[in-house]
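Comments concern the structure below.
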Amino acid sequence: MTTSQDELLPGTRRALAHRIAVAQSEGRAPSLVAAVVRDGRTVWHGARTSADGHGPDENRPDRNTQYRIGSITKTFTAVLVLRLRDEGVLDLADPLEKHLPGTGAGEATVAALLSHTGGLAAESPAPWWERTPGTLRPELGDVLGEEPRRHPAGRRFHYSNPGYTLLGALVEEVRGAPWADVLRREVLEPLELNRTSVRPSPPYADGWAVHPWADVMLPEPAQDLGRMAPAGQLWSTTGDLARFAVFLARGDDRVLSARSLREMRTPAAPPEAADVASGYAYGLGLEVRRWGERLVVGHTGSLPGFLASLSIGLEDDVAAVVLANCTSGPQPATVGADLVRIVAEAEPRMPGPWRPMREADPAVLELAGPWYWGTQGFGLRLTADGLLALEPLTGGGRRSRFRANGDGTWTGLEGYYAGEVLSAVRRADGSVDHLDLGSFVFTRRPYDEDASVPGGVDPEGWRGIG
């Protein structure tokens, strides 16, 4: 993936540089690096350090400097699990016990672990796993403890680091190889993420704790997490994570299809009340956040000494990576969302040219136009990508796009009608009587007396008040 600093306007580059400068200064971070991706290309990279103006330029971190990325590791682990599903090795509805017996948490499904609804504890038993060697927890039982559950499986969203440890162990059990080796072979190498690794490789940033009430610092230990590695072990760079962002947005059939990645970023966990208020949801290894009017997917990460965020604005085709080497201070998720917003608002995405379809099936074209569900009007449009789009003619209402099934029926892709089947019910002479959408009847006229309307149509027809 190529990189060019000249693809953004000078004013946009200045605004991006200003935003990370404020974040590094006000967040009191020893260093903060960021990158922006647009249209599948890295178009900007920036860095601010406490040594700015006080040392040689070669001391400044760049797109190849490694930082620890914490829980962004979970997204990599989720990709490995979805690969197993796509190969038919497992089903997301499978209980963990089917593939990894004897854990004590086997009733949780694979999907529940991916979406943090398995009911497991947020952390492993003491001592604090992020600041102690992984050798203290050599077995899964050491990670889960005697009482691994905090809630009934599948009932609520409860973020769980041990849950992703179990997913890493699942990958190892099925593949017959260590999680790190599987990750390198199946994800890092195909995507050319050559600066992403389980252990730091120079050049890399040291992790620091900044005193909350004084401008002094304390080095943080960088522990090997052992069994907990699939939940937060990885080190990476803004350059590599920019490539990973492109993959998460577009897919790569060598690793995971665009369709499976759409599934990963679709909210799967029932959010808590506080999450609803903050616009937060969780998919299968990806966070979904609403920042103002913009929907951003990705993941955040933190370990003692490091903060990280990967943010993707899909509608704008803009992504941002933010990494810092401090335990607390800057807010990478907020900064990342701001970088996406700056580019999206300063240089709005240019829509592609409208192009007509190459050919249209007359039987499908016949369905286009206005339809009525009772008295509510809808428009059914045949789009150039071969989908049917159903939208209310006025005001709010249920809408969805539909994909052809190849047998004359269509399946909903989103919203209320996701997974529901749309079909045209025809009369004996072949003409369309009505549309059936999950048993709802859509007719060409409101309560069309010539169509098969459940409950029938009053024979006296429409009338005023007598």
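Toward the positive end of the charge dipole of the chain, with +1 on the Cβ of Lys and Arg and -1 on the Cβ of Asp and Glu, the farthest Cα among 135, 114, 303 is that of 303. Take the Cα of residue 416, go 7 Å toward its beta carbon, and the backbone nitrogen atoms of the range 361-383 under 20 Å from that spot belong to 369-381. Here the range 382-433 is assigned +1 on the Cβ of each Lys and Arg and -1 on the Cβ of each Asp and Glu. Its dipole about the Cα centre then comes out at about 80 debye. Taken one residue at a time, the phi angles of the range 218-223 give Karplus couplings (6.51, -1.76, 1.60, θ = phi - 60°) of 9, x, 9, x, 10, 8 Hz. Gly and Pro are set to x.
Given +1 at the Cβ of Lys and Arg, -1 at the Cβ of Asp and Glu and no other charges, the dipole of the chain around its Cα centre is 660 debye to the nearest 20. Peptide packing for 93-105, 453-465 was compared via the average number of neighbouring C-beta atoms within 10 Å per residue; ordered from the highest value, the list is 93-105, 453-465.
Using the Cβ-Cβ distance between residue 211 and residue 91 with R0 set to 45 Å, the FRET efficiency works out to roughly 0.35.
For the range 240-314, GluC sites (Glu not before Pro) are listed when DSSP marks them as loop and at most 12 other Cβ atoms sit within 10 Å of their Cβ; the list is 293.
Report the charge-dipole magnitude of the range 8-48 in Debye, nearest 20, computed about the Cα centre from +1 at each Lys and Arg Cβ and -1 at each Asp and Glu Cβ. Don't skip to the end; give the middle numbers.
Numbers: 7 positive and 2 negative charges, 14 e Å.
The calculation lands at about 60 debye.
Each residue of the range 426-433 was assigned a 3J(HN,Hα) from its phi angle through the Karplus expression (A = 6.51, B = -1.76, C = 1.60, θ = phi - 60°), giving 10, 7, 4, 7, x, 6, 7, 7 Hz with x at Gly and Pro. Candidates 23, 10, 323 compared by Cα position along the dipole of the range 5-346: farthest toward the positive end lies 10, with charges placed on Cβ. A rounded overall shape is assigned to the range 362-442, the ratio a/c of its alpha-carbon gyration tensor axes (a ≥ b ≥ c) being less than 1.5.
Estimated purely from DSSP H runs of n ≥ 4, each contributing -39500 (n - 2.57), the mean residue ellipticity at 222 nm for the chain is -7000 deg cm²/dmol once divided by its residues.
Calculate how many DSSP beta bridges within the range 5-346 are antiparallel, expressed in % of all such bridges and rounded to the nearest 5. Spell out each step's value before the answer.
Details: 46 of 48 bridges.
Once the DSSP bridges in the range 5-346 are tallied, antiparallel ones form about 95 percent.
Considering the chain at the alpha-carbon level, its Rg and Dmax are found to be 25.8, 90 Å.
A short reminder: the numbers here are calculations on the coordinates, not readings from a lab. Because the structure is predicted, anything quoted here is derived from the model rather than measured. Note: ideal-geometry Cβ built from the backbone for every residue, glycine included; neighbour counts use all protein chains shown.
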